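K.L.:
I'd like to ask some things about the structure below.
The values are calculated or read from the model by the stated rules, or taken from the named source; none is laboratory data. Just so you know, these numbers come straight off a predicted model, no measurement behind them. Cβ sites come from the backbone with ideal geometry, for glycine too, and all protein chains shown count toward neighbours.
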Amino acid sequence: MELSSVFNFTWNWYAVPSFIGALVNIVLGIYIYLKPRQRDMASVLFMFFVACLALWAFDEGLTRLAATEDATRFWANRASTGWIFMAPIFFHFALALTRREKIAQNPAVIAALYFPAAIFYFINLSTTLLLNEHYKQVPWGWDNSPPTPLFNLVFSPWLEFFFIASIILFLRERARKTATYDEKRRASLIAAGLFVPLFTGTISQIILPALGIEIVGLTTTFMPVLALSVFIAIVRHRLFIVTPSLALDTVLETMNDAIVVTDTIGRIQFINKTAETLFFWKNDDIAGYDLSILFPSNTNHHSRFVTDSVSRLMQGEFVDDFETIFVDSQNRQIPVTISAAPVQFSEEGFEPAGFVLVAHDTRELQLLTGKLKRINDALRAAKGGLESELGVLMRGKLKGTP
């Protein structure tokens with residue numbers, strides 16, 4: 001196909017809703033991308049979802065502007081990237097959001113979600129089994145009704161399963177007894193937003209075409225309703241702040257003590273913001289180094305920590321208030337007390353994957369202790385002086401007694 005024929009367009013007002021839908025989804029995706037505190041699994045999946053919607057809507061708009069059947073077929077194939085992958089991505093998003101992150105991260109689940117989508121995508125690009133190859137001009141551009149048997153009997157039920165299952169997940173989330181008011185409102189909002197494009201898309205692009213009734217497809221027009229409902233949930237009902245991974249990140253980054261995470265052989269995997277400030281290291285720079293880099297060289301502080309603490313951690317024990325010395329990147333010594341715990345327990349027994357060290361800077365405490373010691377020494381000296389003077393005075397009085 002010549003490139004000039006692909007970009008041969010003629011104006012059609014029916015393309016405007018599709019372009020508006022694409023713009024809305026692009027804006028929502030950019031909004032989520034620019035919110036680094038919300039960069040968890042659910043938010044990443046939502047960004048992929050709106051990217052699929054934007055691609056689908058934009059290319060659908062181009063099919064309605066296309067001047068030739070070949071150009072329409074080209075842009076329709078590009079649009080299939082969006083409408084084939086959007087459903088499994090949204091269901092994956094729903095799993096992550098409704099407290100099923102372990103399921104969402106399971107490799108078998110991921111394969112079950114995306115492998116069929118890849119097969120449908122390959123079939124659509126290389127054959128005419130999924131979409132009717134013959135297009136005819138209609139008021140809204142081009143139409144390839146009726147749908148193929150593969151589209152009607154296999155692809156459509158597969159696609160709708162994900163959206164119906166997502167609605168069920170959110171309704172169950174709403175019905176959960178321990179759900180908060182915000183969580184109930186959020187689940188209701190997303191379920192309602194999901195129902196709108198599901199209903200209109202099923203009627204306009206599956207049922208009516210199967211009956212031989214030609215109507216402009218409404219799915220991309222109403223898909224922004226779903227995206228906007230999720231967006232409102234983000235802004236008004238705090239969509240992504242309750243996931244465990246984000247809660248953990250928030251705890252780590254807001255603790256006043258330095259956090260150092262290592263593997264079982266002592267390689268540093270992560271330090272939090274407080275540790276970066278305390279040690280004058282950036283997490284990206286120190287990650288991968290042995291923990292000994294934080295102990296004074298040519299001393300026994302590191303070996304003593306390994307001997308006294310690591311062996312206990314490997315047995316599943318916790319370490320409290322281990323006093324030692326750390327050094328920063330400028331080799332300045334920092335007295336600290338360390339509390340440490342092993343990471344990850346299996347169901348069958350203890351299998352540490354690493355250790356979490358919480359280091360409390362005791363410099364201020366030592367200064368205060370030193371100051372109190374000096375005050376105490378001064379008080380003792382003053383007490384001794386007073387006792388000595390009192391003794392001299394008492395002896396003088398006793399000598400002068402007749």
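K.L.:
Looking at (1) modelled with pLDDT of 85 or more; (2) surrounded by fewer than 23 Cβ atoms within 10 Å (Cβ to Cβ); (3) of a type in the set (V, I, T), which is the one condition that is false for T10?
P.N.:
Going through (1) modelled with pLDDT of 85 or more; (2) surrounded by fewer than 23 Cβ atoms within 10 Å (Cβ to Cβ); (3) of a type in the set (V, I, T) one by one, T10 breaks only (1).
K.L.:
Considering the stretch 105-129 alone, what residues qualify as being more than 18 Å from L159 (Cα to Cα) and either under 20 Å from the mean Cα position of the chain (by Cα) or small (G, A, S) (or both)?
P.N.:
Of everything in the stretch 105-129, those that are more than 18 Å from L159 (Cα to Cα) and either under 20 Å from the mean Cα position of the chain (by Cα) or small (G, A, S) (or both) turn out to be Q105, N106, P107, A108, S126.
K.L.:
I've got another one for you. Step by step: first the residues of the stretch 341-364, then only those that are under 24 Å from the mean Cα position of the chain (by Cα), within 20 Å of F326 (Cβ to Cβ) and not aliphatic (A, V, I, L, M), then the one that is modelled with the lowest pLDDT. Which residue is that?
P.N.:
Going through the qualifying residues, I end up with G354.
K.L.:
Being farther than 22 Å from P342 by Cα and modelled with pLDDT under 90: is that true of D263 here?
P.N.:
On the way: farther than 22 Å from P342 by Cα: no; modelled with pLDDT under 90: yes.
Considered against the rule, which asks whether it is farther than 22 Å from P342 by Cα and modelled with pLDDT under 90, D263 comes out as no.
K.L.:
Under 7 Å between Cβ atoms, which residue pairs at least 6 apart in sequence (or on different chains) link something in the stretch 136-163 that is free of Cβ contacts under 8 Å to residues at least 60 places away in the same chain with a partner that is polar (S, T, N, Q) and not in a helix (DSSP H, G or I)?
P.N.:
T148/N132
K.L.:
Looking at L113, L131, L97 in this structure, which one is at pLDDT below 90 and surrounded by fewer than 22 Cβ atoms within 10 Å (Cβ to Cβ)?
P.N.:
Details: L113 fails: at pLDDT below 90; L97 fails: surrounded by fewer than 22 Cβ atoms within 10 Å (Cβ to Cβ).
It is L131.
K.L.:
Regarding the stretch 76-87, can at least one residue be identified that is within 17 Å of I190 (Cβ to Cβ) and in the same structural domain as S156 (by TED's automatic domain parsing)?
P.N.:
Initially, the stretch 76-87 is screened for residues within 17 Å of I190 (Cβ to Cβ), giving 86-87.
Still in the list and also in the same structural domain as S156 (by TED's automatic domain parsing): 86-87.
Checked the stretch 76-87: at least one residue is within 17 Å of I190 (Cβ to Cβ) and in the same structural domain as S156 (by TED's automatic domain parsing).
K.L.:
Give the residues of the stretch 286-322 that are of a type in the set (D, E, K, R) and either touching a residue at least 40 places away in the same chain (Cβ under 8 Å) or surrounded by 13 or more Cβ atoms within 10 Å (Cβ to Cβ) (or both), sorted by residue number. Reasoning before the result, please.
P.N.:
Within the stretch 286-322, the first condition is being of a type in the set (D, E, K, R), and the residues that meet it are 290, 304, 308, 312, 317, 320-321.
Correct list: D290, R304, R312, E317.
K.L.:
I need the full set of residues from the stretch 368-381 which are at pLDDT 70 or above and within 30 Å of T277 (Cβ to Cβ), in order please. Before you say what the answer is, go through the steps one by one.
P.N.:
If we filter the stretch 368-381 for residues that are at pLDDT 70 or above, which is where we start, we get 371-381.
Listed by number, the residues that qualify are K371, L372, K373, R374.
K.L.:
What residue, among those in the stretch 144-199 that are of a type in the set (K, R) and assigned to a helix (DSSP H, G or I), is surrounded by the most Cβ atoms within 10 Å (Cβ to Cβ)?
P.N.:
Filtering the stretch 144-199 for residues of a type in the set (K, R) gives 172, 174, 176-177, 184-186.
With assigned to a helix (DSSP H, G or I) added as a condition, the list becomes 172, 174, 184-186.
Details: R172: 13, R174: 18, K184: 15, R185: 16, R186: 26.
So, considering only residues that are of a type in the set (K, R) and assigned to a helix (DSSP H, G or I), the one surrounded by the most Cβ atoms within 10 Å (Cβ to Cβ) is R186.
K.L.:
Cβ-Cβ under 6 Å, sequence separation 6+ or interchain: first residue in the stretch 97-124 and hydrophobic (A, V, I, L, M, F, W, C), partner surrounded by 13 or more Cβ atoms within 10 Å (Cβ to Cβ) and not in a helix (DSSP H, G or I). Which pairs?
P.N.:
I123/L129; I123/L130
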